[in-house]
Amino acid sequence: MLLHDKFGRAITDLRISITDRCNYKCVYCRTGNEGALYGDLPFEDYFRMARVLVGMGITKVRLTGGEPLLRKGVVEFVRELAKLRPQGLKPSSYGGGNGTLRLRSGQAPEAVPFPTPTVGLKAVADPTVADPMPDPKPEQQRTGDFSDPLDIALTTNGHLLADLAQPLKDAGLTRVTVSMDAVDPDRFVRITRVPGGYDHVLAGIRAARRAGLWPLKVNCVLMRGFNEDQIIPFGMFAREEGVTVRFIEFMPLEEGRTWAPTTVVTLDEILARMAEYRPLVEIPHARSETARRYRFDDGVGEIGIIAPVSHPFCGHCSRIRITSDGKIRTCLFSVWDHDLHAQMRRGASDDELAEFIQGVVAKKEERHHIGEPDFVPASRTMVHIGG
Ligand code: SF4
């Protein structure tokens, strides 16, 4: 029973928030007044959820937060997750044996170039507009050798990464994304409101590279009036540090609900600004990838742009999320949650959990409505969802 929503989108990416606690107070995310609201679950519970979902076609698991590295036991959790095989290996219990079943798994999506970007912030483009090359049918996608390891990624603010990068890699983590919104230490403090954080994060990035966590991405949320002058310095940083820097358009998911279209630095603006520094060449990429990718003309350094506001990508969304308190969110902008953990607490079997999940995914939203008259804010803010 492979997971698809009613729009035919294959759901292959799971994001699990393992805590909504965070050691940073970034201005675009937190007002700084609200602490953790929902609490954490035992890793065994997240593991069971992941195991059932991997059996339903999930091939990528990303650990998020709050700040996931605040959770003691995260390395062991990664080690257990690494025993899962897409659609196959289902260890009987957490930390227990690993009986293997041979089943099929996902074929790498074909890379296609995106049409030339349009100009400026306009009403949200209709993501259901058919692209020239529709995705291959779901049944065509899942052929190939299922023994591929699960692709396990983690998103962190990097503050605790320097000491954990190697143990996480050894446990089976594939890749890491570090959230960093300035390469100027003073600006960094102004955004995160945590003194001395910049050096910690830089050390974490370098430790991740030494450990071989790859690809190594750095995500920067751009806000007009705060850090749009960091675009070119981040281009240089990508080349010097050998990391992929991805710029993210600011989304209305912050605690203070202060978002406005005018604060969004759009994809077109970012490209225009970076071109003042060095020409870029677009890199073809899979449709379900959230970022558009670009390489500098001399081949040194890569950037990405995640443009959910000016160039939404909902039409190919392959993601669902589990919150730190065990609720399924089918979209970042969902206005309600679905309590998977409650099903577990009432003693549901794996098959009953799978049925519940299939029913929830069938209701997955078609797209977000940011900037539209009927836009309704998400029922949770980003720190309590997990990105
Ligand atoms: S806004 Fe929702 S539907 Fe669109 S890409 Fe994000 S999670 Fe998917």
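Taken over region 307-339, the residue count meeting the criterion of being over 17 Å from the mean Cα position of the chain (by Cα), among the aliphatic types (A, V, I, L, M) and under 23 Å from Gly57 (Cβ atoms) is 0.
Could we say that Val335 is in contact with a Ser or Thr (Cβ under 8 Å, 6 or more places away or on another chain) and aliphatic (A, V, I, L, M) here? Break it down stepwise before answering.
On the way: in contact with a Ser or Thr (Cβ under 8 Å, 6 or more places away or on another chain): yes; aliphatic (A, V, I, L, M): yes.
So Val335 passes the test.
How many of the residues making up region 312-334 are away from the ligand (no atom under 11 Å from the Cβ) and either on the phi > 0 side of the Ramachandran plot or at pLDDT below 95 (or both)? Let's see the steps before the verdict.
Restricting attention to region 312-334, the residues satisfying the condition of being away from the ligand (no atom under 11 Å from the Cβ) are 322-328.
Retained after the next criterion (residues that are either on the phi > 0 side of the Ramachandran plot or at pLDDT below 95 (or both)): 326.
Number of matching residues: 1.
Take the conditions (1) more than 11 Å from the ligand (Cβ to nearest atom); (2) over 26 Å from Thr59 (Cβ atoms); (3) surrounded by fewer than 21 Cβ atoms within 10 Å (Cβ to Cβ); His369 misses just one of them, which is (1).
Tyr294 falls short on exactly one of the conditions (1) hydroxyl-bearing (Ser, Thr, Tyr); (2) within 12 Å of the ligand (Cβ to nearest atom); (3) without any contact (Cβ under 8 Å) to a residue 60 or more places away in the chain, and that condition is (2).
Each residue in region 184-206 was checked for being among the small types (Gly, Ala, Ser), surrounded by fewer than 20 Cβ atoms within 10 Å (Cβ to Cβ) and in contact with a helix residue (DSSP H, G or I) (Cβ under 6 Å, 6 or more places away or on another chain), and 1 pass.
Residues that are part of a helix (DSSP H, G or I), under 16 Å from Lys6 (Cα atoms) and charged (D, E, K, R) within region 345-387 comprise just one, Glu355.
Applying the selection to region 286-306, what residues are surrounded by fewer than 18 Cβ atoms within 10 Å (Cβ to Cβ) and within 22 Å of the chain's Cα centre (by Cα)?
Ala286, Glu289, Arg295
Applying the condition of being buried (at least 18 other Cβ atoms within 10 Å of the Cβ) and within 16 Å of the ligand (Cβ to nearest atom) to region 335-356 and asking which residue is nearest to Arg21 (Cα to Cα) yields Asp337.
Taking region 179-205 as the range and being within 23 Å of Ile305 (Cβ to Cβ), touching a Pro at 6+ places or on another chain (Cβ under 8 Å) and among the acidic types (Asp, Glu) as the test, only Asp184 passes. Scan region 369-381 and tell me whether some residue there is polar (S, T, N, Q) and closer than 23 Å to Cys220 by Cβ. Yes: region 369-381 contains one or more residues that are polar (S, T, N, Q) and closer than 23 Å to Cys220 by Cβ.
Contact map, region 364-387: residues that are closer than 11 Å to Leu332 by Cβ and of a type in the set (A, V, I, L, M) paired with residues that are at pLDDT below 90 and surrounded by 14 or more Cβ atoms within 10 Å (Cβ to Cβ), Cβ distance under 8 Å, separation 6+ or inter-chain. Pairs shown: Ile370/Val124; Met382/Cys29; Met382/Glu254. In region 326-338, the residues that are within 14 Å of Tyr38 (Cα to Cα) and in a loop (DSSP other than H, G, I, E, B) reach residues that are within 14 Å of the ligand (Cβ to nearest atom) and modelled with pLDDT of 95 or more with C-beta atoms within less than 7 angstrom, at least six apart or across chains, in these pairs: Asp337/Thr323; Asp337/Ile328; Asp337/Arg329.
The values are calculated or read from the model by the stated rules, or taken from the named source; none is laboratory data. Just so we're clear, the structure is a prediction, and the values are computed from it rather than from any experiment. Ideal geometry is used to build each Cβ from the backbone, glycine not excepted, and the neighbour counts take in all protein chains shown.
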